[in-house]
1. Please determine whether any residue of the stretch 64-84 is in contact with a helix residue (DSSP H, G or I) (Cβ under 6 Å, 6 or more places away or on another chain) and modelled with pLDDT under 95.
2. So which of Phe188, Phe200, Phe163, Phe152 ends up being part of a helix (DSSP H, G or I), more than 30 Å from Arg241 (Cβ to Cβ) and touching a helix residue (DSSP H, G or I) at 6+ places or on another chain (Cβ under 9 Å)?
3. Evaluate the stretch 246-255: report whether one residue or more is assigned by TED's automatic domain parsing to the domain that holds Asp139 and without any contact (Cβ under 8 Å) to a residue 60 or more places away in the chain.
4. Restricting to the stretch 166-203, what's the tally of residues that are of a type in the set (A, V, I, L, M, F, W, C), crowded, with 17+ Cβ neighbours inside 10 Å and at pLDDT below 95?
5. If Thr53 meets every condition in (1) touching an Asp or Glu at 6+ places or on another chain (Cβ under 8 Å); (2) hydroxyl-bearing (Ser, Thr, Tyr); (3) closer than 29 Å to Ile80 by Cβ apart from one, which number is that one?
6. Condition (residue is under 19 Å from Ile36 (Cβ atoms) and either of a type in the set (Asp, Glu) or surrounded by 15 or more Cβ atoms within 10 Å (Cβ to Cβ) (or both)) applied to the stretch 120-141: is it met by at least one residue?
7. Being closer than 12 Å to Val33 by Cα and either in contact with a Lys or Arg (Cβ under 9 Å, 6 or more places away or on another chain) or surrounded by fewer than 15 Cβ atoms within 10 Å (Cβ to Cβ) (or both) is the filter here, so list the residues in the stretch 85-105 that pass it.
8. When you scan the stretch 46-147 for helices (runs of 4 or more DSSP H) that lie fully inside it, which ones turn up with 3 or more residues that are under 20 Å from Gly23 (Cα atoms)?
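The values are calculated or read from the model by the stated rules, or taken from the named source; none is laboratory data. These numbers were taken from a predicted model, which means no experiment stands behind them. Cβ sites come from the backbone with ideal geometry, for glycine too, and all protein chains shown count toward neighbours.
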Amino acid sequence: MVDWSSYMTALGIVALISMVAWGYSVVKRDVSVVDILWSLMILASLSAYLVFTGINGARATLLLALVTLWALRLSIHIAIRNHGEGEDRRYQQIRSNNQPGFWWKSLYIVFGLQAFLAWIISLPAVAATASPAPLGWLDLAALLVWTAGMIFEVVGDWQLMRFQKEKRAENAVLDSGLWRYTRHPNYFGEALLWWGIYLFALAAGAWWAVVSPLLMTLLLVRVSGVALLEKDISDRRPAYRDYIERTSAFIPAPPKPRAAASVENGG
């Protein structure tokens, strides 16, 4: 059973981390640091909980290892990607829409909000570690789902980074590899691995922790992921419109032939 007192204490620790990062962002005039911090706040929530409750059994040990691997890999990847790039376009828009006083507003509309969401997202990992029950077949299924998600995220990120480093035409679109089957394989992978984490929680009897993967999927598809990233990309990169017509937005699927895609969209 989840120790709710320890879980609430974890929220305080995550909030403290986000406040320190906010102070740094004010000095740097760049809130993009929150992206580097995102996965680490989820890890901090789980780690803080385990500090207070102890690591109870093989499932807790496995969950801590999986979340640590995911969080460190993603944070390092984003740090390398963002190095020397300045503030992300998305945050520039948020900054311009919240003047005057964005420097202090960002404490709650960027850092506070993401700290709270990270705490909620950590719930199935916390719930899974709270049960001393032995590992079973559902845990194996959870590990397989998590592994598939991690592969999608890592390979998708690697293919995109390689594409961006190569000299290509300004309007070139990545439509090979995993990106041939989904416009956002890295986002799909992240959602999938958190459904894997939820299966660990389900194996521990915490079915109600489904709020976490549902929230993560919603954020990636409708809020901060696909929807926000593609909001103006078609205007900036016309070739991307054809890619949208041919390729699934999120869940991998065979691409439509160019002619079929054009007919369906009135071309």
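1. The answer is no, given that none of the residues of the stretch 64-84 is in contact with a helix residue (DSSP H, G or I) (Cβ under 6 Å, 6 or more places away or on another chain) and modelled with pLDDT under 95.
2. Step by step, each of Phe188, Phe200, Phe163, Phe152 is checked, and only Phe200 is part of a helix (DSSP H, G or I), more than 30 Å from Arg241 (Cβ to Cβ) and touching a helix residue (DSSP H, G or I) at 6+ places or on another chain (Cβ under 9 Å).
3. No, every residue in the stretch 246-255 fails to be assigned by TED's automatic domain parsing to the domain that holds Asp139 and without any contact (Cβ under 8 Å) to a residue 60 or more places away in the chain.
4. So the count comes out to 2.
5. For Thr53, the exception is condition (3).
6. The answer is yes, given that some residue of the stretch 120-141 is under 19 Å from Ile36 (Cβ atoms) and either of a type in the set (Asp, Glu) or surrounded by 15 or more Cβ atoms within 10 Å (Cβ to Cβ) (or both).
7. Across the stretch 85-105, the qualifying residues are Glu85, Gly86, Glu87.
8. The helices (runs of 4 or more DSSP H) meeting that bar are 58-82, 89-97, 102-106, 113-121.
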